[in-house]
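Colleague: Before I ask anything, let me first share the structure, which is written out below as structure tokens.
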Amino acid sequence: FDGMLRPDYVIPFKVSKEQAVEKFKSFCKGRPLLPSDFINGNRIEKVEGMYVPYWLFDCDVDADYRFRGEKVTSWTEGDYDVTKTDHFLLIRGGKVGFEHVPVDGTTKLGSEITEAIEPFAMDAATGYNAAYLSGYLADRYDIPAEDCRERANQRIKVSTENAFKATTEDYSAVTVESANLRMKDGKTGYALMPMWLMSVQFGDKKYTFAMNGQTGRMTGDLPVDNGAYTRWLLGLTAVFSIAAYLVALLIH
């Protein structure tokens, strides 16, 4: 980390390399469309433990929302089915505090990977100590914090809206009419998060998987057995066809 910002936090690995391989095998089990010979120990070409750089953002949000909500009731009157829809204006306001909103600081992994294996439990984070890096790769950030702020703000906005929407669960078809968010007291931290990266060669293609080195949560695209997919699709079509025929017969 010479000449670069030293991390404020490190989350140590809790999942060992052997456990990561076993969790990968469990991840593949019970998937009927996966080629039967995909799970084979000698196909896992590489398993690497890496500390991935993340920027962490703190802030407080003052928010005001106006929602439109509906309540729908239905009943029967004689030969008629009656549906009544009541419309409501829902006004909400309050404050939300955010700590350690993560955004990866490397171009080597896409955010669709790094965000898919979240969350990391920050209560297990410790101060930087080079001893934690022993035996693992450690990447340095190549995206500055300022370039990650927009993504952090977007995540904060979505989470704030979800928090306020949770107060409207008594209503159906809730939509946002207007929103006013004011962010303040922003702070930025820098952390290294544990991740296992696995590459599997199958046929002429290499598949890459990522795993949270703290929780074992995994993400990655699996191959599909085209023959099994066709059989599954035909079987599903047959089931729906029989069900439709039976319904038509009963109606007739």
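Rule-based calculations on the coordinates, nothing more; no lab input. All values derive from a computational prediction rather than experimental measurement.
Colleague: Gap in Å between the Cα centre of the stretch 158-217 and the Cα centre of the stretch 85-155?
Modeller: 8 Å
Colleague: Restricting things to alpha carbons, tell me how big the stretch 89-132 is in terms of Rg and Dmax, in Å.
Modeller: Answer for the stretch 89-132, Rg first and Dmax second: 16.2, 56 Å.
Colleague: Calculate the translational D of the stretch 12-130 in whole µm² s⁻¹ from Stokes-Einstein, where the hydrodynamic radius comes from the Kirkwood formula applied to all Cα pairs, the temperature is 37 °C and the viscosity 0.692 mPa s. Present the calculation step by step, with values, prior to reporting the outcome.
Modeller: Numbers: Rh = 20.6 Å.
D, rounded to a whole number, is 159 µm²/s.
Colleague: Return the lysines within reach of K157: Cα separation strictly under 23 angstrom, same-chain partners fewer than 8 residues apart disregarded; answer none if there are no such residues.
Modeller: Result set, ordered by chain and number: K95, K165, K184, K187.
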